[in-house]
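Heads up: the structure comes next, in structure tokens.
Derivation of every value follows stated rules applied to the coordinates shown; laboratory data play no part. Every value quoted in this text rests on a predicted model; they were computed, and no experiment measured them. Neighbour counts are summed over all protein chains in view; Cβ atoms, including those assigned to glycine, are modelled from backbone coordinates with ideal geometry.
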Amino acid sequence: MKFFYLSILLPFFLLASYILDAEAEIDSIASHKQAGTGENIDTQVVASGLDIPWEIAWGPDNKIWVTEQKGLISTVDPQTGAKHVLLQLNDVWFYRTAGLLAMALHPDMKANPYVFLNYTFEKDAKRFSRLVRYTWKKDTLINPRVLMEVAANNGHSGARLSFSKGKLYWATGDANNNTYAQDFNIPNGKILRLNIDGSIPADNPVKGSPVWAMGFRNIQGMTFSKNGKLYTSEHGDATDDEVNLVEKTKNYGWPAVRGFADSPKEKEFSASTSIADPLKSWTPTIAPAGMSYYSSNTISKWNNSLLLVSLKAKNLRLLKLSADGNSIISEEVFLDNQFGRLRGICISPAGDVYVSTSNRDWTRTPGSPLPEDDRIIRIFKSDKVMSSLQPQQGPQAKTTLYQQYCASCHQENGTGLKGVFPPLKGSALVKTAGLPLIKKILNGSAGPVEINGVKYDAQMPSFAFLKDDEIEQIANYILAMQAERHPVIDQQIIAKARNN
């Protein structure tokens, strides 16, 4: 996407934009002209003050249905922003990315007024991910019926729900266990296909099994095209976030294959197991989240595209599909760093797009959350010409390797998040510098640790895939954060750590 502006007056317009955003974000409208289409695309904040909305869906009442991670299910009027609570779940286990997550409404709510929810809960010190069906009646949800439960953890719950031809599809995460996704008999790290009563369809690939496809790490978005093709977006580890075209019985590789099978070990595993390649992968990672298929002519150039929101990259991506839907032929970026982390997305029958922010979740970025977070933003076609300039439309500063791979967890200043991500600034490990720091970067870590009297239990992936000069840059960037001076790390130390 290209942005047009008066370069001579840019500094003054940028300053004015910052002031207007700070004073009246809820009423702000930012218009963008899509390059080469002749269509003006505007954005408008329609609701604010939400608390970590995970799923948004267009309802039969022409309202936006929302799940908030701590257990609240509500509707939001897209015209007024008015919020009506349908249900408060009281047994939700909320921690990091666990909580009330996915939601799907039955496509025919008149005949089957069912709402399907997926949330994590705790029982006897164990965690589970529960799929439950409620009945919608008189603006409330009643008669819960538990359909299925699978293992859960403090992360990798996946959790998206979608319908196709009367069947419910449930994307489950691998629950932070690297053996689950490749074990057909364990429902984690899979896409499961169920009847609306929780039973297994007779025409599933394997009789008596809910498994439709396998080999997933942590699916964050799932959508069907108008001709029934199933697409997913998935978090990678340190590399290779993915968008997949999912077909029944296929294996998508995790954890043996990450992204495309391009290393010798991945090629060997792929050849022996018939691994399906993704349509697209991203390294550095962007943390893809919700995804919807756009089939409207309202914004005509978006027709037959996947609309994908991202958390780490903080933008909306337009992934244009080929006519047959079997490949992605182009990618455009919108709303880049304008509203912060984006997690949910839905499309109205009129062809308007709604996205939700996730600025109050466990991964905080500098300057977030704003007082009005979290928000729902409408994206719509407008006859207006461009009305204002946004700060992110100017030239972007060069991103460091630290920012690409480390800042989303440890923060840009290295302070981490207390009790969530350990600090790099002032930690004993960093103070030792040299080999211990490099080994941590190369090998990653898992399991609980205590730093400066605070307990942490967040996994860190291995960054051994980086080149020695890239690790050198990251390590010395971390050392430069420290109050005291440390000897510079060179590639000889890195080579020694690799050999050991």
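Worth a mention:
- The amide H of residue 52, built 1.01 Å from its N in the peptide plane, has 360, 374 as neighbours under 5 Å, considering only residues 5 or more places off or on other chains.
- Along region 277-284 the Karplus relation, 6.51 cos²θ - 1.76 cosθ + 1.60 evaluated at θ = phi - 60°, assigns HN-Hα couplings of 6, x, 6, 7, 9, 10, 9, x Hz to successive residues, with x for each Gly and Pro.
- Highest-first arrangement of 340-351, 100-111, where packing means the average Cβ count within 10 Å: 340-351, 100-111
- Region 131-171-region 39-63 distance, computed between alpha-carbon centres (Å): 21 Å
- The alpha-carbon of residue 381 sits under 29 angstrom from the alpha-carbons of these lysines, leaving out residues fewer than 8 places away in its chain: 2, 33, 63, 83, 226, 229, 280, 301, 312, 314, 320.
- The aspartates and glutamates whose alpha-carbon is closer than 20 Å to the alpha-carbon of residue 440, local same-chain residues fewer than 8 away aside, are 237, 412, 450, 457, 468, 469, 470, 472, 490.
- Out-of-range pairs (alpha-carbon distance over 22 Å; input 70/248; 207/250; 167/250): 70/248
- If the segment from residue 274 to residue 167 were pulled out straight at 0.36 nm per residue, it would be longer than the present Cα-Cα gap by 35.9 nm.
- For region 214-225, putting each phi into the Karplus relation 6.51 cos²θ - 1.76 cosθ + 1.60 with θ = phi - 60° gives couplings of 9, x, 10, 8, 7, 5, 10, x, 8, 7, 9, 7 Hz, in residue order, rounded to whole numbers and with x for Gly and Pro.
- Calculated [θ] (222 nm, deg cm²/dmol) that DSSP helices of n ≥ 4 give over the chain, each run adding -39,500 (n - 2.57): -4000 deg cm²/dmol
- In this simple spin-label model, placing a label point 7 Å from the Cα along the Cα-to-Cβ direction at both residue 184 and residue 490 gives a separation of 5.5 nm.
- Coil-residue trypsin sites (Lys or Arg not before Pro) of region 219-277, DSSP, other Cβ within 10 Å capped at 11: 226
- Counting every other Cβ atom within 10 Å of each residue's Cβ, 486, 410, 84, 156 order from fewest to most as 84, 486, 410, 156.
- For residue 361, the shell of other residues with beta-carbons less than 15 Å away shows a net charge of +4, using +1 for Lys and Arg and -1 for Asp and Glu.
- Long-range amide H partners of residue 40 with built H, under 5 Å: 382
- Exposure proxy shown here: for 332, 234, the number of other Cβ atoms within 10 Å sets the order, fewest to most, as 332, 234.
- Inter-label distance, nm, simple model (7 Å from Cα along the C-beta direction), residue 199/residue 108: 1.7 nm
- Under-5 Å amide H pairs with residue 141, H placed in peptide plane, nonlocal only: none
- Among (1) 1.00; (2) 1.05; (3) 0.96, the entry derived from the coordinates for Rg/Rh (Cα atoms, Kirkwood Rh): (3)
- Charge context of residue 225, other residues only, Cβ under 14 angstrom, K/R +1, D/E -1: +2
- Highest average packing first - 185-194, 370-379, Cβ atoms within 10 Å: 185-194, 370-379
- Ranking of 232, 415, 97 by count of other Cβ atoms within 10 Å, fewest first: 415, 97, 232
- For region 476-492, Karplus couplings with θ = phi - 60° (6.51, -1.76, 1.60), whole Hz, Gly/Pro x: 6, 5, 5, 4, 5, 6, 6, 5, 9, 7, 10, x, 5, 8, 10, 6, 5
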